[in-house]
Amino acid sequence: MSDVTIGIIGTGMMGQEHIQNFNLLDGAQVTALADTDAAMLSKAAEMVDGSPILSDDFETLLGDDGPDVLVIATPNFHHIGVLDSALDAGKPILCEKPLCTTLEDTQKVMQRVGHNELLFQVGMEYRFKPALDNMIARVHGGDIGQIQMLSIREHRFPFLPKVADWNRFNRNTGGTLVEKCCHFFDLMRFIIGSEPTGVIASGGQNVNHLEEKYHGQTPDIWDNAYVVFDFANGARAMLDLCMFAEGSRHSEELTAIGDKAKVECLLPQNIVTQGNRETWEVTQDEIHVPEEILNAGYHSGATYHQNLAFLSAIKGEAEVPVTALDGHRAVAMGVAAQMAAAEKRRVDMMEVGL
Ligand SMILES: NC(=O)c1ccc[n+]([C@@H]2O[C@H](COP(=O)([O-])OP(=O)(O)OC[C@H]3O[C@@H](n4cnc5c(N)ncnc54)[C@H](O)[C@@H]3O)[C@@H](O)[C@H]2O)c1
């Protein structure tokens with residue numbers, strides 16, 4: 001079988017991470033790049049083997065003479081603009097998270113993906129971090145009994161600078177709990193294996209970006225939050241987000257507790273621990289991730305495994321692991337959490353259509 005040819009739309013930080021990871025995968029070849037920023041386009045072109053088609057207009061990648069599949073890695077608010085045209089091209093699509101910045105748009109995309117019977121994957125790549133995958137296998141394999149509590153702590157550095165500073169404003173990102181926390185809300189649904197019923201939350205912008213100005217405007221993105229979801233099966237999940245915590249031993253700590261045991265995943269160290277209620281014994285495993293995969297991006301090896309899964313779906317070897325519906329639900333959880341924090345009340349998931 002000849003290589004699947006890939007077009008990357010948006011060749012900034014994440015577009016380049018996709019290129020580096022497709023370079024490591026057999027049966028895939030990046031052949032076309034589109035970006036309106038000439039510097040990003042040429043930097044990305046240097047990462048591609050051969051001579052890719054380069055364009056400042058993503059529409060040129062959509063025709064039959066373009067690549068077989070598309071990866072969309074433009075700013076969040078721009079996904080819907082690309083999808084409006086790309087969903088008619090009929091090509092398989094891997095769209096970065098969050099699927100869109102509003103529920104109106106995520107719903108529109110879901111309907112069109114279904115109607116056009118498209119192969120469509122959303123970039124919820126945290127599911128594919130190797131150490132997290134190990135922890136999730138233990139939860140789903142019954143090692144902890146029935147999961148009752150899941151806590152996710154991310155303590156990290158502030159949002160990085162982006163092309164044209166798009167990530168400094170809620171109107172472009174969807175808000176912090178949609179923009180980055182959609183990853184964690186997707187993990188909650190996936191790990192617990194149930195749907196959220198309601199949320200309480202507190203969050204805000206306490207420290208970061210308050211002294212910055214862009215065209216006379218101060219950024220309005222939140223840098224910290226506590227969020228607690230109830231799930232239909234009786235489990236509950238909590239997110240503890242702080243983006244002014246550079247001095248943290250672990251940037252992410254995920255803990256799942258069932259009626260029999262507790263399992264924990266520590267990143268970026270790729271450590272998984274398991275503690276047994278009956279014996280009080282705690283074991284610790286370090287999950288090996290090859291250097292080559294770790295070095296192809298900033299996500300502990302997740303992008304490699306996500307893109308491998310996307311290729312398997314294209315070849316008909318496996319189902320799409322993260323659907324448009326998953327992408328929509330993760331955005332809905334972010335929207336509901338932001339609403340709960342802003343309005344200082346419990347939000348029922350029915351209020352956001354779930
Ligand atoms: N999966 C993850 O863990 C992860 C991590 C980071 C970013 N992301 C997502 O990836 C997407 C891109 O983020 P980024 O960090 O790479 O941002 P970035 O600013 O580094 O890159 C975005 C690129 O899109 C380009 N662009 C803007 N308008 C365009 C247009 N009309 N046509 C073509 N290109 C256009 C910009 O010039 C820029 O090069 C966002 O949706 C972001 O949320 C996902």
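The values are calculated or read from the model by the stated rules, or taken from the named source; none is laboratory data. As the structure is a prediction and not an experimental result, all values here were calculated from the model. With ideal geometry, Cβ positions are generated from the backbone for all residues, glycine too; neighbour counts draw on all protein chains shown.
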*Looking at this structure, is Ile192 touching a helix residue (DSSP H, G or I) at 6+ places or on another chain (Cβ under 8 Å) and either crowded, with 19+ Cβ neighbours inside 10 Å or assigned by TED's automatic domain parsing to the domain that holds Asp326 (or both)?*
no
*Do you know which of the residues in region 156-171 that are more than 10 Å from the ligand (Cβ to nearest atom) and outside any helix (DSSP H, G or I) is farthest from Leu266 (Cα to Cα)?*
Phe169
*Which condition does Ile136 not pass, out of (1) surrounded by fewer than 17 Cβ atoms within 10 Å (Cβ to Cβ); (2) within 17 Å of Asp326 (Cβ to Cβ), if it passes all the others?*
(1)
*Which of the residues that make up region 97-140 are touching an Asp or Glu at 6+ places or on another chain (Cβ under 9 Å) and away from the ligand (no atom under 16 Å from the Cβ)?*
Lys108, Arg112, Asn116, Asn134, Met135, Ala137
*Failed condition for Ser202, given (1) exposed (fewer than 15 other Cβ atoms within 10 Å of the Cβ); (2) of a type outside the set (Val, Ile, Thr); (3) in a loop (DSSP other than H, G, I, E, B), with all others met?*
(3)
*Of the residues Ala86, Ala73, which is of a type in the set (A, V, I, L, M), more than 10 Å from the ligand (Cβ to nearest atom) and either under 16 Å from the mean Cα position of the chain (by Cα) or more than 15 Å from Asp186 (Cα to Cα) (or both)?*
Ala86
*Does Ala302 satisfy being within 21 Å of the chain's Cα centre (by Cα) and either modelled with pLDDT of 95 or more or more than 10 Å from Ala131 (Cα to Cα) (or both)?*
yes
*Any hit, region 172-186, residues being outside any helix (DSSP H, G or I), within 11 Å of the ligand (Cβ to nearest atom) and either within 18 Å of Met13 (Cβ to Cβ) or not assigned by TED's automatic domain parsing to the domain that holds Thr102 (or both)*: yes
*Any idea which of Thr11, Thr60, Thr31, Thr5 is in contact with a helix residue (DSSP H, G or I) (Cβ under 9 Å, 6 or more places away or on another chain), hydroxyl-bearing (Ser, Thr, Tyr) and within 23 Å of Ser85 (Cα to Cα)?*
Thr11
*Within region 340-348, identify whether any single residue is small (Gly, Ala, Ser) and surrounded by fewer than 19 Cβ atoms within 10 Å (Cβ to Cβ), and answer yes or no.*
yes
*Restricting region 29-60 to residues that are aliphatic (A, V, I, L, M) and under 22 Å from the mean Cα position of the chain (by Cα), which is farthest from the ligand (Cβ to nearest atom)?*
Val30
*asked:* Report every pair of residues separated by at least 6 positions or lying on different chains whose Cβ atoms are under 7 Å apart, first residue within region 163-178 and at positive phi, second at pLDDT 95 or above and near the ligand (Cβ under 7 Å from one of its atoms).
replied: Gly174/Asn76; Gly174/Pro98
